[in-house]
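Report on the following structure.
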Amino acid sequence: MYKLLKNICCIGAGYVGGPTMSVIADKCPNIIVNVVDSNKKRIDLWNSTDLNKLPIFEPGLEQIIKRCRGRNLHFSSNIRECIAKADMIFISVNTPTKKKGIGAGKASDLKWVEACARQVAEFSSGYTIVVEKSTLPVKTAEAIKSILETAQLSLGGDSKKSFDVLSNPEFLSEGSAIEDLENPDRVLIGGDNKKAIKILSNIYRNWVPEKNIICTNIWSSELAKLTANAFLAQRISSINAISALCESTGADVREVARAIGTDSRIGSKFLDSGPGFGGSCFKKDILNLVYLSNYFGLNEVANFWEGVVHLNNWHQHRISELIIKKLLGTITGKKILILGFAFKANTNDTRESAAISICRDLLEEGAILFIHDPKVDPNQISEDLKIKENIELKKYKEINYSEEGSWCSVINIKSSFKNADAAVVLTEWEEYSRIDWGDAAIKMRHPAWVFDARSIIEKDQLKSFDLNLWRIGDGSMVK
Ligand code: UDX
Ligand code: ADP
């Protein structure tokens, strides 16, 4: 049966489709994997000879691309041809929260998924297994199925075409995508056709132990993915809520996390208090659960999950307010160095990053932000903040107060401390733990503050320098 599967097409060359297909191609050299995308620029980047130009950064990805690209892994804009040749098609496109209409602000916008289903219905040939890879609201598979069936009928009921739809949600975490894909805790496959499930699970059997491949029905699979993300996000909101209480009571959130993490029922992972969760999935998936619960009249369930997102928003604003308060109640014209813009370390992704909301708050209050991130492109920061970069700022030797409410990007962290009133750590990039704070203290304007929202600075590390430290959830402030 495995021999049947020779050619895979993945629609969507993004953060999920790109790495997932790279690993499949790496582990299954006998299968041709074509990754297609309607965004030609993105495909060109995937094909760039300079591997630093790949559209996404993931540790370990470059090496796989080097091994497989041009061998059995291809990135192409020829969607029609790649769909036509495929025995199996993965749908891995964006499903952002709807901005308008019914369910706006909560439900997922499925227009890209629908467009894919229509493309598949039109261009595919013979028997094709369609696999939902993107995280989708429960019952999407049914919608895809009905599009495939009706579109097929409207095309004259071509009897040579037939489809099975499976759900195979991806649990990879950005920044460790390759490691997660190579050693998944589990692979989840939902569907009602045993033969199709077998064909898909045979791919994973090339490197995933049988016991880690869970097969279930399609709705449980779709709901399991939403639930996993909701549980993880809820853990972050729980520990962030406790961080605020720690600051008010003199406790330390790291100590609380250490103490509760040793309870095997709770576990020690995902208990790091930070600036609030970001990323493309958590908020979107919880809002999806909220929408679904409301739809079925389960308002208490909806309110429970909505509280997780509400707490996250509140927590981000709590941090900006606290920065303003510590900087003597005003940050107008003050220079603040922002360390990290990605939503977590080891990725260039900024979607829903806490840095966006915190930086927006600070700019609104008139701060002058110098923003550093080792992987995020300044154009992306402009897009996220909806304010163009003010490159003039880089030329000034002294602070120019007329530039309040603007920002520029930083390459050299060391020199950017000059005249800064504060530095704010928002992403846990490894290089920030190597900052020479003694040197920074000499360059900064005093009283100078360091705000560490990622616990990268040890409590006593700044003691001997003339710097005030605020750490997330630390009720025992240094000064
Ligand atoms: C998440 C899920 O982990 C993954 O299984 C799913 O497939 C997609 O969504 P991702 O968004 O890539 O993955 O990152 P994740 O590591 O889960 O972090 C999400 C956010 O929570 C980040 O902003 C991160 O900084 C924050 N976080 C995570 C914390 O603040 N503290 C923690 O202890 C862990
Ligand atoms: P994710 O994080 O889920 O991978 P991304 O936004 O990074 O999401 O990637 C989704 C990709 O899907 C984008 O590059 C987008 O251009 C592509 N895409 C969306 N709709 C279609 C479509 N109908 N055909 C081909 N590509 C599509």
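Odds and ends about this structure:
- Stokes-Einstein D (µm²/s) once Rh is taken as the Kirkwood radius of the stretch 7-216 over alpha-carbon pairs, at 10 °C in 1.306 mPa s: 91 µm²/s
- Rolling a 1.4 Å probe across all protein chains gives residue 146 an accessible area of roughly 60 Å².
- Residue 450 long-range amide H proximity, modeled H, under 5 Å: 423, 468, 469, 470
- Annotation: extensible slack from residue 411 through residue 53 equals 127.1 nm (criterion: 0.36 nm per residue apart, minus Cα-Cα distance).
- For the stretch 217-479, the antiparallel share of DSSP beta bridges with both residues in that region comes to about 5%.
- Between the amide H of residue 406 and those of 369, distances stay under 5 Å, these residues lying 5 or more places away or on another chain, with hydrogens modeled in the peptide plane.
- Cα-Cα over 27 Å, subset of 98/225; 211/344; 66/375: 211/344
- The stretch 327-421 - Debye-derived log10 I(q)/I(0), Cα point model, q = 0.20, 0.22 Å⁻¹: -0.93, -1.13
- Only helical runs count toward this figure. For the chain, summing -39,500 (n - 2.57) over DSSP H runs of n ≥ 4 and dividing by all residues gives -12500 deg cm²/dmol at 222 nm.
- Distant-in-sequence amide contacts of residue 97, defined by a placed amide H-H separation under 5 Å and a gap of 5 or more residues or a different chain, comprise 109.
- For the chain, the solvent-accessible area works out to 45 Å² per residue, with a probe of 1.4 Å and every protein chain left in place.
- For the chain, the residue among 472, 136, 328 whose Cα projects farthest onto the positive side of the dipole built from Cβ charges is 136.
- The fraction of accessible area contributed by carbon and sulfur in the stretch 196-283 is 60 percent, rounded to a whole number (1.4 Å probe; ligands and nucleic acids excluded).
- The fraction of accessible area contributed by carbon and sulfur in the stretch 359-479 is 49 percent, rounded to a whole number (1.4 Å probe; ligands and nucleic acids excluded).
- Across the stretch 16-57, the residues whose backbone nitrogen lies under 17 Å from the label position 7 Å along the beta-carbon direction of residue 173 are 16.
- Considering only the chain, percent of DSSP beta bridges that pair antiparallel, nearest 5: 5 percent
- The calculated FRET efficiency for the pair residue 71 and residue 464, based on their C-beta separation and a Förster distance of 60 Å, comes to about 0.60.
- Highest-first arrangement of 310-321, 379-390, 23-34, where packing means the average Cβ count within 10 Å: 23-34, 310-321, 379-390
- Counting heavy atoms of the protein chains alone, residue 328 has an accessible area of about 130 Å² for a 1.4 Å probe.
- What the Cβ-Cβ distance of residue 325 and residue 266 gives, at R0 = 35 Å and to the nearest 0.05, is a FRET efficiency of 0.60.
- Two-decimal log10 I(q)/I(0) for the stretch 217-479, as the Debye equation yields it once each C-alpha is a single scatterer, q = 0.07, 0.14, 0.16 Å⁻¹: -0.26, -0.97, -1.21
- Accessible surface ranking that places the most exposed of 351, 118, 471 first, with a 1.4 angstrom probe: 118, 351, 471
- Computed on the chain, the Cα convex hull volume stands at 157 Å³ per residue.
- Gain in span if fully extended, residue 4 to residue 220, counting 0.36 nm per residue against the direct Cα distance: 75.0 nm
- Extension gain, residue 400 to residue 439, is 11.8 nm, computed as 0.36 nm per intervening residue step minus the present C-alpha separation.
The values are calculated or read from the model by the stated rules, or taken from the named source; none is laboratory data. All of these numbers come straight from a predicted model, not from anything done at the bench. Every residue, glycine as well, gets a Cβ built from its backbone with ideal geometry; the counts of neighbours run over all protein chains shown. Side chains included, ligands, DNA and RNA excluded: accessible areas come from the protein's heavy atoms. Shrake-Rupley method; radii C 1.70, N 1.55, O 1.52, S 1.80 Å.
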